[in-house]
Each structure stands twice: as structure tokens, then as C-alpha cells.
Amino acid sequence: MEARDELKQQRWEIMWAVQRSQRYHSRRSAFFDRWHKVTLLAGILGGSAAIASIGKDAPTWLILIGGALVATLSAMDLVVGTGEMARKHNDLRRRFCNLEQLMQRSPIADELVLADWRSERLSIESDEPPAYVALDILVENELARSFSHLKDQPPHELSFIKRHTAHFIRWEDA
């Protein structure tokens with residue numbers, strides 16, 4: 001009976017990691033999508049303002065600042081590759097979802113099946129970019145709250161700064 005409990009615990013640990021990874025990549029994908037949309041909006045507004053200012057009495061400094069803002073945001077978008085990063089994280093999320101579906105088809109797993117699942121998880125993780133630790137902690141807390149029997153566990157505490165910069169700074173000491 002104890003060996004069966006050990007297998008259940010191992011299955012649970014794999015499932016937990018897979019669901020945490022799905023949430024993590026979902027958040028990263030949404031973050032990069034929003035960033036890309038803000039950059040596009042700034043470009044449209046900046047371009048519209050530049051066109052509207054032709055022949056108008058708009059101050060030169062306003063046109064220069066608007067142009068610099070659009071150029072800066074567009075350059076950041078290009079360098080970071082927000083569209084590509086959003087797709088990459090969405091693809092990783094989808095791969096973790098596929099692994100969870102596979103796991104759901106086998107509610108009772110032996111050591112060989114668990115080894116296959118671990119191997120697949122490691123294969124997906126090998127394609128992941130380095131993780132943002134604070135964001136991973138936020139996702140871990142969210143996942144723990146989603147399971148009713150874990151609601152009594154205290155969440156990992158993060159400072160205000162770390163919570164609000166989780167997508168921008170890796171925070172290795174989080």
C-alpha cells in the first residue's frame with residue numbers, strides 16, 4: 001500500500017509542476033501580447049499626431065518627444081521581440097497542456113509511466129527561457145490557492161516591488 005501512495009505522490013508532484021508551468025507561460029504570453037499592443041497603439045497615435053501636426057501650430061518639442069517615444073517603444077518591441085516571445089510562451093503552455101491531457105488519460109500510473117511523464121516535462125523545460133523567479137512564486141501562490149485543501153498554507157511572501165516587476169526583473173533572491 002505504501003508503494004502505491006508513493007506513486008500517487010510522484011504523480012501529484014508532476015501534475016503540480018505541469019500546471020504551474022502552464023500558468024507561468026500563460027502569464028508570460030499575455031504580458032508580451034499586451035506589451036506588443038501598447039507599442040502598436042503608441043505607433044499609431046504617434047503617427048497620427050505627426051500627420052495631424054503637419055501644417056498645424058503644434059510645438060516642435062511636442063513633435064520631437066512624441067517621435068522619440070514612438071521610436072523608443074518600437075525599438076524596445078523589436079529588440080525584445082514581444083510578438084515572438086508571446087508565441088514562444090504560448091507554445092510552451094500548449095505543450096504543458098498536452099502533457100496534462102496525457103496524464104489525465106492515465107489516472108493510475110506505474111513507475112514507467114511516471115518516468116515517461118517526467119521525461120516529457122524535462123523535454124519541454126529544456127526549451128524554456130530562464131524563469132523569472134518572482135513571477136514563478138506568484139504563480140505557485142495562485143496554484144496553491146486554487147486547490148481547496150492547500151488554501152490554509154501561507155503563500156510565499158513577495159515585496160510590493162517584486163510583485164509589480166516580476167515580468168521585468170528575474171529577482172534571483174525572491
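The values are calculated or read from the model by the stated rules, or taken from the named source; none is laboratory data. It should be emphasised that the depicted structure is a prediction, and the values quoted were computed from it without experimental measurement. Cβ: placed from backbone, ideal geometry, glycine included. Neighbour counts: every protein chain shown. Note: areas computed on protein heavy atoms with side chains; ligands, DNA, RNA excluded. Shrake-Rupley method; radii C 1.70, N 1.55, O 1.52, S 1.80 Å.
Sorting 82, 72 by solvent-accessible area of protein heavy atoms yields 72, 82, largest first, with a 1.4 Å probe. Only aspartates and glutamates eight or more places from residue 8 in sequence, or on another chain, were considered; those with a Cα closer than 20 Å are 100, 110, 111, 116, 120.
Comparing 25, 36, 164 in a Gaussian network model of the chain where C-alpha atoms under 10 Å apart are linked, the largest mean-square fluctuation is found at 164.
Coupling constants for segment 94-105 follow from the phi torsions by the Karplus curve (6.51 cos²θ - 1.76 cosθ + 1.60, θ = phi - 60°), and in residue order they are 5, 5, 5, 4, 4, 5, 5, 4, 4, 5, 5, 6 Hz; glycine and proline get x.
Across segment 155-165, computed HN-Hα scalar couplings (Karplus, 6.51 cos²θ - 1.76 cosθ + 1.60, θ = phi - 60°) run x, 5, 7, 10, 5, 4, 4, 5, 5, 8, 10 Hz from first to last residue, x flagging Gly and Pro.
Largest first, what is the accessible-area ranking of 80, 18, 38 with a 1.4 Å probe?
38, 80, 18
Rolling a 1.4 Å probe across the protein heavy atoms gives the chain an accessible surface of 65 Å² per residue.
Add +1 for every Lys or Arg and -1 for every Asp or Glu among the other residues with Cβ under 14 Å from the Cβ of residue 85, and state the total. Write out the running numbers ahead of the final one.
Details: positive: 27, 28, 34, 37, 87, 88, 93; negative: 33, 77, 84, 91, 127, 128.
Taking every other residue near residue 85 into account, the sum is +1.
Taking a straight line from the alpha carbon of residue 37, these aspartates and glutamates sit under 16 Å away, with near neighbours fewer than eight places off in the same chain left out: 77, 84.
Residue 16 contributes about 40 Å² of solvent-accessible surface, heavy atoms of the protein only, 1.4 Å probe.
Can you divide the C-alpha Rg of the chain by 2.2 N^0.38 Å and report the result to two decimal places? Walk me through the numbers before you get to the answer.
Values: Rg = 22.2 Å, N = 174, 2.2 N^0.38 = 15.6 Å.
Normalised Cα radius of gyration, the chain: 1.42.
Using a probe of 1.4 Å, the accessible surface attributed to residue 168 totals some 130 Å² when neighbouring protein chains are kept in position. For residue 73, the solvent-accessible surface computed with a 1.4 Å probe is close to 40 Å², ligands and nucleic acids excluded.
With N counted as the residues of segment 52-121, its alpha-carbon radius of gyration over 2.2 N^0.38 Å works out to 2.24.
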